[in-house]
1. Can you work out which of the residues in segment 147-199 that are polar (S, T, N, Q), surrounded by 15 or more Cβ atoms within 10 Å (Cβ to Cβ) and closer than 29 Å to GLY333 by Cα is farthest from the chain's Cα centre (by Cα)?
2. Residues GLU6, GLU88, GLU46, GLU68: which one is outside the structural domain of PRO284 (by TED's automatic domain parsing) and modelled with pLDDT of 95 or more?
3. Condition (residue is charged (D, E, K, R), in contact (Cβ under 8 Å) with a residue 12 or more places away in the chain and in the same structural domain as MET98 (by TED's automatic domain parsing)) applied to segment 264-276: is it met by at least one residue?
4. Would you check if PRO339 is at pLDDT 95 or above and either assigned by TED's automatic domain parsing to the domain that holds THR257 or among the polar types (S, T, N, Q) (or both)?
5. Give the number of residues within segment 67-111 that are under 20 Å from THR227 (Cα atoms) and either among the polar types (S, T, N, Q) or not in a strand (DSSP E or B) (or both).
6. Could you go through segment 322-329 and let me know if any residue there is closer than 21 Å to ARG56 by Cβ and surrounded by 21 or more Cβ atoms within 10 Å (Cβ to Cβ).
7. Residues that are over 13 Å from the mean Cα position of the chain (by Cα): which helices (runs of 4 or more DSSP H) entirely in segment 259-368 hold 2 or more of them?
8. Looking at SER36, SER22, which one is within 24 Å of ILE312 (Cα to Cα) and either under 24 Å from the mean Cα position of the chain (by Cα) or modelled with pLDDT under 95 (or both)?
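The values are calculated or read from the model by the stated rules, or taken from the named source; none is laboratory data. Please read these numbers as outputs of a predicted model, since none were measured by experiment. All Cβ positions, even for glycine, are placed from backbone atoms using ideal geometry, and neighbour counts span all protein chains on display.
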Amino acid sequence: MQQKAEFDQRVQEALNNPQLRSNFRIAMDGLMEKRSNAFPDKSFMEELRVLGSKIRANALAKQPELLEQLEANCTRNGIQVHWAETIEQANRIVLEIMERHNATRMIKGKSMVSEEMEMNHFLEAQGKSCIESDLGEYIIQLDHETPSHIIAPAIHKSKQEIAKLFKAKHPDIPYSEDIETMTRSARQVLRSKFYEAEIGLSGVNFAVAETGTLCLVENEGNGRMCTTVPPVHIAVTGIEKVLEKLSDVPPLLKLLTRSASGQHISTYFNMISSPRKPGERDGPKEVHLVLLDNQRSKIYEDDELFDSLRCIRCGACMNHCPVYTRIGGHAYGSLIPGPIGSCIEPQKFCLDKFGVLPTASTLCGACGEVCPVKIPLPKLLHRLRYEQVRDDHTGATNGQGSQRSGKEAMIWKLWSWAHANPAVYRSGTRLASLFRGAIPNKIGPWTRVRTAPKIAPKSLHQLAREEGFDHE
């Protein structure tokens, strides 16, 4: 199958890249240690996780009415709300806002939803300039790459690689491998872009229905610049980011920052409730909120897969995943990699395209153990594996049954039948023991990285009888 073959190729390329593996190993070890240090009191951490889980579950249970309340309060505050069922509609809305203001330049804060929309490519095709202002996003934009992590987009690159990239793209800037110097150089390049851009764009971490407030968590200050310096601010977010009350934000913020980067609080926390008011010296004249569905409503309909919408995008599941930490984000071939990406991406973009991702897991349970809002990720991965092979066509997942093999289904039916019939089972085990020497050493993909199993000359029942135990 082409999907699996392409995935296998990307995995092998990642495993054969010692620099990439070293970069990820160092970065992931550091993030895991920081998260552990941020939660020294494990009982407090568990209480906070339970509270965070309840807050997100409550918001999702009430999502339809909360979205209506969010729209009403945002509109009352002067924020213009737009609904987009598809990525195409969302991009068209952003383009129409730009054209209405004769805008040709956009400066962007970090936004995974804009990445989901492939907004940069869309706007560039329309003759618009779109510059990333988040340092990690700016680095990968310079190198024409996609994010490899939802919190640290350029985490797969070493400082030496970034220094060479900066020198190639900005030859007038002195070469340096010092992180602070490179950061300062990037800020000097970007500083004028904030003032030149007619449009500023950001993501949304939490959208509060009670007050019509858009919350933005960041560390660099670029998000605050994007949302206040340009005359027009556009915020794009998925519909699942809505919360019921403003008091729901502090517990989730504690979980988000500690789980993502080990910080007790982020450097900046922005709360946007309206455009610039009379007498205020800064802020945009217009604020637009684009609410994107893109299959989220369909996920919402499933009583089990619904839980994947609780995600607050901290990246902790990736940092602790033994698969992600060894192959990196780009090997997945999806926007959101790691365990949560393996749950969400196949649902949003079809099992036909990303059905291989749920199999990129050992089901060790580490992701579920560290998820700050207690998403049962191993359970969801197992469910999506089932969706790939089921044949009753009653589920709502796009691409259901796309990986089903008639041959494999027949083998399992025979296996089930044999184990349900004692006489057949005993005869089979005797024959397997008798002809154990004829079993080949290569048994398909299983033995590509494993030793073929060797059947014992005697079954457990035979050994028990020889010892005088009656097993019947």
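1. Among those residues, the one meeting the criterion is SER158.
2. GLU46
3. No, because not a single residue in segment 264-276 is charged (D, E, K, R), in contact (Cβ under 8 Å) with a residue 12 or more places away in the chain and in the same structural domain as MET98 (by TED's automatic domain parsing).
4. So PRO339 does not fit the description; no.
5. 26
6. no
7. 296-300, 324-327, 351-354
8. Among SER36, SER22, only SER36 is within 24 Å of ILE312 (Cα to Cα) and either under 24 Å from the mean Cα position of the chain (by Cα) or modelled with pLDDT under 95 (or both).
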